[in-house]
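Each remark here refers to the structure printed beneath this line.
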Amino acid sequence: MALPAATARAAALCRIAACASASSAAAAATGGRRGAEKLPFSLAERGMVVGGHRGMGMNAVGAPPGARIEAVRERENTLLSFGRAAAHAAVAFVEFDVQVTKDGCPIIFHDDFILTQETDAVYAKRVTDLLLEEFLSYGPQKNSHEISKPLLRRTSDGRVVNWSAKDDDSLCTLQEVFERVSPRLGFNIELKFDDDIFYERSQLDRALQAVLQVVSQYASNRPVFFSTFHPDAARIMRELQSLYPVLFLTEGGTAQHKDSRRNSLDEAIRVCLEYELHGLVSEVRGVLKNPSAVLRAKESNLALLTYGQLNNVWEAVYIQYLMGVNGVIVDLVEEISNAVADFSKPVLNQSMLGSGVDLVEAKHQAFSQQQLGFLLRLIPELIQQPH
């Protein structure tokens, strides 16, 4: 009898978990992943690292009351949020979005447009059309005597709502983040471009060079890597420098774009190999629905990280750990980083301790044996849920 598609994917995930240790050992024997000597956070080693999404997590403006993501207190992409993430020893890096203002300054902001309100009218401006001074005039001000523009945000269903945070902070620049956040915390710099705009090579060059100038001047020994959804920006950043790894962001087939390079995990792997990138960052559902891509990434010496709301569910993160995913970007930073630290601890029985079995291999074997039934029950539920 043929298995239902979701159950078949669950079985495939279990096979991936069973093969992960062997694949890691093979990669080590052949010199490690592409650019492994440059990848931060020991991505070339067996294990999993945790990154904070926009710091301590994104602001779920307009989320229904009681949503777990509402637990994020800090305004995203701010010094306050990054600083609190740095205080968690289990957090290896923070992911944040960088755009370049009209006068050439790299700033930290996710949305393509910034919204404010004057009297009863809502005004939206493209972030990259603003001068730095105007951009910094939105939201809370460093100097309490300065007049600020209220920040609004458009929700996924089109509503415009007030954008507030329980613990607020002002907008900031890339230079400030390098200067004021603990140097032990790694930075995943997402190079942000608008999906609805066709960028000339000169436009991409201008933005990337501006970012590189700040990184080169202020990074020092901080672990840094770049990521972007824009395949040409990834290629150009790889051409412009060889010091910092470049990873390709993909939705893993969960959304479709005019650019076919963005439409599947297989295409993302092809882009990485063609442009000599160091790895990919996929929407987690794409990985769970296409588990064989994990082995293809490993066989291609590519690092694999994931992002998405399922990464705020520790069981989903645990499954990825078994699969050999290198890292997860999460919103519930404290909860998930603690969970990863717990299930990353070795699980050994007495016979393993005396048999000379490799510590990491034994830990992986123990997890696979104990959790096979758990995976089979859980995977279909996770990948079928809307998120």
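What do you reckon, is E200 surrounded by 15 or more Cβ atoms within 10 Å (Cβ to Cβ) and more than 24 Å from V94 (Cα to Cα)? Before the answer, list the steps.
Working: surrounded by 15 or more Cβ atoms within 10 Å (Cβ to Cβ): no; more than 24 Å from V94 (Cα to Cα): yes.
It is false that E200 is surrounded by 15 or more Cβ atoms within 10 Å (Cβ to Cβ) and more than 24 Å from V94 (Cα to Cα).
Take the stretch 156-169 and flag every residue that is in a strand (DSSP E or B) and either farther than 19 Å from N59 by Cβ or touching a helix residue (DSSP H, G or I) at 6+ places or on another chain (Cβ under 9 Å) (or both).
Let us first name the residues in the stretch 156-169 that are in a strand (DSSP E or B), namely 160-162, 167.
Answer for the stretch 156-169, where residues must be in a strand (DSSP E or B) and either farther than 19 Å from N59 by Cβ or touching a helix residue (DSSP H, G or I) at 6+ places or on another chain (Cβ under 9 Å) (or both): just D167.
Conditions (1) among the hydrophobic types (A, V, I, L, M, F, W, C); (2) touching a residue at least 40 places away in the same chain (Cβ under 8 Å); (3) open to solvent by 60 Å² or more (accessible area, probe 1.4 Å); (4) within 21 Å of E76 (Cβ to Cβ), marked per residue:
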{"position": "D167", "(1), (2), (3), (4)": "no, yes, no, yes"}
{"position": "S170", "(1), (2), (3), (4)": "no, yes, no, yes"}
{"position": "N188", "(1), (2), (3), (4)": "no, yes, no, yes"}
{"position": "L191", "(1), (2), (3), (4)": "yes, yes, no, yes"}
{"position": "L204", "(1), (2), (3), (4)": "yes, no, no, no"}
{"position": "Q209", "(1), (2), (3), (4)": "no, no, yes, no"}
{"position": "S227", "(1), (2), (3), (4)": "no, yes, no, yes"}
{"position": "P245", "(1), (2), (3), (4)": "no, yes, no, no"}
{"position": "F248", "(1), (2), (3), (4)": "yes, no, no, no"}
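From the residues in the stretch 104-150 that are among the polar types (S, T, N, Q) and open to solvent by 40 Å² or more (accessible area, probe 1.4 Å), which one is nearest to V61 (Cα to Cα)?
Going through the qualifying residues, I end up with Q117.
Suppose we filter R153, R180 for residues that are touching a residue at least 60 places away in the same chain (Cβ under 8 Å) and either in contact with a helix residue (DSSP H, G or I) (Cβ under 8 Å, 6 or more places away or on another chain) or surrounded by fewer than 15 Cβ atoms within 10 Å (Cβ to Cβ) (or both); which single one remains?
On the way: R153 fails: either in contact with a helix residue (DSSP H, G or I) (Cβ under 8 Å, 6 or more places away or on another chain) or surrounded by fewer than 15 Cβ atoms within 10 Å (Cβ to Cβ) (or both).
Every option except R180 fails the conditions.
Quick one: in the stretch 211-225, of everything that is farther than 27 Å from K125 by Cβ and in a helix (DSSP H, G or I), which residue is least open to solvent (accessible area, probe 1.4 Å)?
We begin by selecting, within the stretch 211-225, every residue farther than 27 Å from K125 by Cβ; these are 216-225.
Filter once more, keeping what is in a helix (DSSP H, G or I): 216-218.
Details: S216: 82, Q217: 120, Y218: 61 Å².
The selected residue is Y218.
Keeping to the stretch 148-207, report how many residues are of a type in the set (A, V, I, L, M) and closer than 22 Å to F82 by Cα. Break it down into steps so the answer makes sense when it comes.
First, the residues of the stretch 148-207 that are of a type in the set (A, V, I, L, M): 151-152, 160-161, 165, 171, 174, 177, 181, 185, 189, 191, 197, 204, 207.
After this cut, where a residue has to be closer than 22 Å to F82 by Cα as well, the list is 151-152, 165, 171, 174, 177, 181, 185, 189, 191.
The total comes to 10.
Could you check, for the stretch 318-331, whether at least one of its residues is hydrophobic (A, V, I, L, M, F, W, C), loosely packed, with under 15 Cβ neighbours inside 10 Å and at pLDDT 55 or above? Quick ask: steps written out before the conclusion?
First, pick out the residues of the stretch 318-331 that are hydrophobic (A, V, I, L, M, F, W, C): 319, 322-323, 325, 328-330.
The next check asks that each one be loosely packed, with under 15 Cβ neighbours inside 10 Å; those that pass are none.
Taking every residue of the stretch 318-331 in turn, none turns out to be hydrophobic (A, V, I, L, M, F, W, C), loosely packed, with under 15 Cβ neighbours inside 10 Å and at pLDDT 55 or above.
For the subset of the stretch 75-103 comprising residues that are hydroxyl-bearing (S, T, Y) and in contact with a Gly (Cβ under 9 Å, 6 or more places away or on another chain), which member is surrounded by the most Cβ atoms within 10 Å (Cβ to Cβ)?
So the first thing to find is which residues in the stretch 75-103 are hydroxyl-bearing (S, T, Y), and the list is 78, 81, 101.
When the remaining residues are screened for being in contact with a Gly (Cβ under 9 Å, 6 or more places away or on another chain), the result is 78, 81.
Numbers: T78: 26, S81: 31.
Looking at the filtered set, the residue picked out is S81.
Return the only residue of S292, S202, S260 being farther than 23 Å from V328 by Cα, hydroxyl-bearing (S, T, Y) and in contact with a helix residue (DSSP H, G or I) (Cβ under 9 Å, 6 or more places away or on another chain).
Working: S292 fails: farther than 23 Å from V328 by Cα; S202 fails: in contact with a helix residue (DSSP H, G or I) (Cβ under 9 Å, 6 or more places away or on another chain).
So the residue among S292, S202, S260 that is farther than 23 Å from V328 by Cα, hydroxyl-bearing (S, T, Y) and in contact with a helix residue (DSSP H, G or I) (Cβ under 9 Å, 6 or more places away or on another chain) is S260.
Just give me the residues in the stretch 118-171 being of a type in the set (A, V, I, L, M) and modelled with pLDDT under 90, in sequence order.
So in the stretch 118-171, the residues of a type in the set (A, V, I, L, M) come out as 121-122, 124, 127, 130-132, 136, 147, 151-152, 160-161, 165, 171.
Passing the criteria: only I147.
Anything in the stretch 121-153 that is part of a strand (DSSP E or B), over 11 Å from T101 (Cα atoms) and of a type outside the set (V, I, T)? List them, or say none. First the steps, then the outcome.
Quick first cut of the stretch 121-153, residues part of a strand (DSSP E or B) only: 121-126, 138, 149, 152-153.
Now drop any that are not over 11 Å from T101 (Cα atoms), which leaves 121-125, 138, 149, 152-153.
Listed by number, the residues that qualify are A121, Y123, A124, K125, Y138, K149, L152, R153.
Inside the stretch 261-315, can you point out the residues that are within 15 Å of A234 (Cβ to Cβ), open to solvent by 20 Å² or more (accessible area, probe 1.4 Å) and in a helix (DSSP H, G or I)? Walk me through it before giving the result.
Applying the first criterion (within 15 Å of A234 (Cβ to Cβ)) to the stretch 261-315 yields 261-262, 267-282, 302-303, 305.
The next check asks that each one be open to solvent by 20 Å² or more (accessible area, probe 1.4 Å); those that pass are 261-262, 267, 270, 273-276.
Result: R261, R262, E267, R270, L273, E274.
The values are calculated or read from the model by the stated rules, or taken from the named source; none is laboratory data. Bear in mind that the values here come from a model prediction, so they are computed numbers and not experimental data. Neighbour counts run over all protein chains shown; Cβ positions are idealised from the backbone, glycine included. With ligands, DNA and RNA removed, areas are computed over all heavy atoms of the protein, side chains included. Shrake-Rupley method; radii C 1.70, N 1.55, O 1.52, S 1.80 Å.
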